[in-house]
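To start, the structure itself, in structure tokens.
Please treat every number below as a calculation from the coordinates, not as lab data. Since we're looking at a predicted model, the values are computed, not measured. Heads up, the Cβs are rebuilt from the backbone with ideal geometry, glycines too, and the neighbour counts pull from every protein chain shown.
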Amino acid sequence: MSLFDLASLSPIIVIAAASVIVMIIIAFYRSHKLTVMLTMAGLVISFVMLLTEAPLLPRQVTPLIILDRYAFFFIGLILAASFFVTVLSYGYLKDRPGRHDEYYVLLLIATLGSAVLAASSHFASFFLGLELLSVSLYSLIAYQRSDERGNEAGLKYLVLAAASSSFLLFGMALVYTQMGTMQFALIAAGAAASASSLLLPAGLALIIVGIGFKLALVPFHMWTPDVYEGAPAPVSAFIATVSKGAVFALLLRYFARLSFHDFPAIFIVFTTIAIASMFIGNLLALGQNNVKRILAYSSIAHLGYVLIAFLAGGAMAVTAVSYYLAAYFVTIMGAFGIISVVSSSERDADALEEYRGMAWRRPWLAGMFTLVLFSLAGIPLTAGFSGKFFVITAGAGSKLWLLLAALAISSSIGIYYYLRIITVLYAPVPVGEGLPAAGPLLSLAGGVALAVLALFLIWLGVSPAQLLGLIKATAAYLVY
């Protein structure tokens, strides 16, 4: 490796170094504020390094890592989301019993694993990044050891993540047996010649199963509502955004060079998964009275929407997927941010009835939550509408009419439960009941974070051109 390689890797190296520094410092001196400040500093420095090292791109750093604008775009998205999770986590944890310093070490390691996933060009780095992410999430989900729901959620995620890793490893082994390489580019180059073999399609199918678990796509979605409900609200936000975004970034890189015309069975599998995710995610959300579970089922449907753009292929697919994920990051971070802000030190405010009458008690939060729900529903002038518009454009360009019809029908179903939450927000306040009060620092940290997210929600919906131009500049590295 040359000095230029190390310089290109500096954003990832900074995250790794930050996790080690935080771990060493808390061994000698424990301070929640200091730990949070160091974590935020590490994330900010890493983000700055992305900007300073951009002129060195693209760069293949060993066969394992490729650093291009596509990788840097998603790493930047991951760092920004992790920063917001850190801000929300401080207010969420500061009044809860126990020591919380190790939480931020795990958060940095999970961010490191996500960044490695976004830059992976080899099965080895793919699996390494995935395990860094998954092992950290086991502990983050069950971090509140006194919470039975959290312990149950952590155990469920542990078992199912281990099972999905087994599918991935077996699939990788079959692909390697057929192709003799683990590099994505070489696999794509020889895929057409090996399409008639049984090993390559079987290996790809097993890899899809493993990735389906990580993305919580139907029929691999059963862990999602329980884990979202049991995990601390900021951790649920991390899983819904950073974890899934990193895996989808890798999925897009891996399949961007493969032609679905050579593997019609794989195309049919993805189409079936997309339609099932859109309908089942939205239908199961209808009967929920827990806000976290509603968001969990909603996330299943939204990943189904993203699959439409993914199946469209070409430059527009990369643009639509990237924009939708950016909009989804901002939206879902805002939703779980509100849950974090209104939660008490005893439990998360995840019951739907706890939000009854919020508009009359906390109008700013109710307005923010309404904006988030409008974005999830795809209402115009929000980030969600712009993201869905680009997905539809990509699907129409590839004539995926069945998938677009499924999107239209399932989205209509989703509007019902989003409006149901809004109705509760503006319902009359029950006599004698109130929402849990937030402490002064929680109000400051959470308020600033939510205000920034609200601005991004509106900006991405009203003026998407700037982000769209940045994304189009990244797409060239994936379309060959």
**Request:** Classify segment 120-262 as rounded, prolate or oblate, taking a ≥ b ≥ c as the square roots of the eigenvalues of its Cα gyration tensor: rounded when a/c is under 1.5, otherwise prolate if a/b is larger than b/c and oblate if not.
**Result:** prolate
**Prompt:** If we count other beta carbons within 10 Å of each Cβ, what is the order of Trp401, Trp223, Trp364, fewest first?
**Reply:** Trp401, Trp364, Trp223
**Calculated FRET value between Leu186 and Ile21, using beta carbons and R₀ = 41 Å, to 0.05** = 0.65
**Message:** If you fit an axis through the alpha-carbon atoms of helix 264-285 and take the longest principal axis of the Cα set of the chain, what angle between them do you get, 0 to 90°, nearest 10?
**Reply:** 10
**Item:** Separation of the Val48 and Leu155 label points, Cα + 7 Å toward Cβ, nm
**Value:** 4.6
**Request:** Give me the Debye-computed log₁₀ of I(q)/I(0) at q = 0.08 Å⁻¹ for segment 3-475, equal point scatterers on Cα only, no solvent, two decimals.
**Result:** -0.43
**Request:** Starting from segment 70-174, pick out the trypsin sites (Lys or Arg not before Pro) whose DSSP state is loop and whose Cβ has at most 11 other Cβ atoms within 10 Å.
**Result:** Arg99, Arg145
**Prompt:** Fewest first, what order do Phe220, Phe28, Phe267, Phe167 take by the number of other Cβ atoms within 10 Å?
**Reply:** Phe28, Phe267, Phe167, Phe220
**Request:** Mind scanning Lys292/Lys472; Lys94/Lys388; Lys244/Lys388 and naming the pairs with a C-alpha gap bigger than 27 Å?
**Result:** Lys292/Lys472; Lys94/Lys388
**Complete:** Measuring from its Cα centre, the chain shows a charge dipole (+1 at each Lys and Arg Cβ, -1 at each Asp and Glu Cβ) which, in debye to the nearest 20, is 460
**Asked** Spin-label point model (7 Å from Cα, Cβ direction): what's the Leu198 to Ala405 distance in nm?
**Response** 3.5
**Asked** Helix 69-93: angle to the longest alpha-carbon principal axis of the chain, degrees 0 to 90, nearest 10?
**Response** 20
**Request:** Report the full-extension gain for the segment Glu131 to Ala451: residue separation times 0.36 nm, less the Cα-Cα distance, to one decimal in nm.
**Result:** 111.8 nm
**Complete:** Contact order relative to length for the chain, counting C-alpha pairs under 8 Å separated by 6 or more residues, stands in percent at 16
**Message:** Rg and Dmax in Å for segment 30-146, alpha carbons only: what are they?
**Reply:** 15.4, 49
**Item:** For the chain, with +1 on Lys and Arg beta carbons and -1 on Asp and Glu, the positive-most of Trp401, Leu34, Leu200 along the dipole
**Value:** Trp401
